[in-house]
2 protein chains.
Amino acid sequence: MSWHAKVYVVLKPSVMDPQGSTVQRALHQMGYSAIENLRIGKFIEVNFDQALQEQEVHKQLNEICDKLLANPNIETYQFQIERV
Amino acid sequence: MSWHAKVYVVLKPSVMDPQGSTVQRALHQMGYSAIENLRIGKFIEVNFDQALQEQEVHKQLNEICDKLLANPNIETYQFQIERV
């Protein structure tokens, strides 16, 4: 048993996503014309020691997102925690 | 209204993740010693024209993941579709 967290880091809606635009254009050229928008973010899976309390896992996740995983100027994040 | 798909692309468990290992090491050095494992994948949001049937959205997502978004040699993917 341990804590398993899924972290989603995405660009803020107001921030351009050139990587996503490039992929979207490539898909249009491949014939997938029904794609109206495509944005690329990060999906980070983090396992924590089971000895931690859920509240402490939550606190540490907020900290590591703010300090390292996300750039608060241009990105937002969300996470889910579960026991596995 | 349109179709909104969330696509998760992750490395297969047997594939090394040097980027994830580096981040995990950095977090340990920052004092987060309870982190047992960390892996980094992609989170891709795709909007499709609402005129498509759900079955067709499903089919196109499988195709674009196989052809472009994921590398089937080393990655797996999952997706969820919803009307927004």
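What separates the residue A:56 label point from its copies, with the point 7 Å along Cα to Cβ, is 5.4 nm, written shortest first.
With 22 Å as the limit, the listed pairs A:6/B:67; A:67/B:12; B:12/B:42; A:59/B:12; A:59/B:42 have A:6/B:67; A:67/B:12; A:59/B:12; A:59/B:42 beyond it between alpha carbons. Sorted from longest to shortest, the spans of the Cα atoms of chain B along the three principal axes equal 51, 28, 14 Å. Between helix B:54-64 and chain B, what is the angle of the helix's C-alpha long axis to the longest principal axis, kept within 0 to 90° and rounded to the nearest 10? Helix B:54-64 and the main axis of chain B meet at about 50 degrees. The Rg/Rh ratio for the protein assembly as shown is 1.00, where Rg is the radius of gyration of the alpha carbons and Rh is the Kirkwood radius. Comparing the full protein assembly with the isolated chain, the residues of segment A:59-79 losing at least 30 square angstrom of accessible surface (1.4 Å probe) are A:60, A:64, A:67, A:68.
Inter-copy label distances at residue B:1, shortest first and taken from points set 7 Å along Cα to Cβ: 4.4 nm.
Relative contact order of chain A, please, whole-number percent, based on alpha carbon pairs below 8 angstrom and at least 6 residues apart.
55 percent
Note that the protein assembly as shown presents 56 Å² accessible area per residue, ligands and nucleic acids not counted, probe 1.4 Å.
With a Förster radius of 22 Å, plug the Cβ-Cβ distance of residue B:66 and residue A:71 into 1/(1 + (r/R0)^6) and report the FRET value to the nearest 0.05. Efficiency at R0 = 22 Å is approximately 0.10. Our helix-only sum for chain B, with -39,500 (n - 2.57) per DSSP H run of n ≥ 4 divided by its residues, gives a mean residue ellipticity at 222 nm of -8500 deg cm²/dmol. Heavy-atom surface analysis with a 1.4 Å probe gives the protein assembly as shown a carbon and sulfur content of 48 percent of its accessible area. Of the residues A:63, A:36, A:54, the one that moves most in a GNM of chain A with alpha-carbon contacts below 10 Å is A:36.
With respect to chain A, whose longest principal axis is taken over its alpha-carbon atoms, helix A:18-29 is tilted by about 50°. Kindly state, to the nearest 0.05, the FRET efficiency for residue A:29 paired with residue B:22, given R0 = 35 Å and r defined as their beta-carbon distance. E between residue A:29 and residue B:22, to the nearest 0.05, is 0.55.
The values are calculated or read from the model by the stated rules, or taken from the named source; none is laboratory data. Keep in mind that this is a model prediction, so the values were computed, not measured. Positions of Cβ are generated from backbone atoms using ideal geometry, with glycine treated the same way; all protein chains shown enter the neighbour counts. With ligands, DNA and RNA removed, areas are computed over all heavy atoms of the protein, side chains included. Shrake-Rupley method; radii C 1.70, N 1.55, O 1.52, S 1.80 Å.
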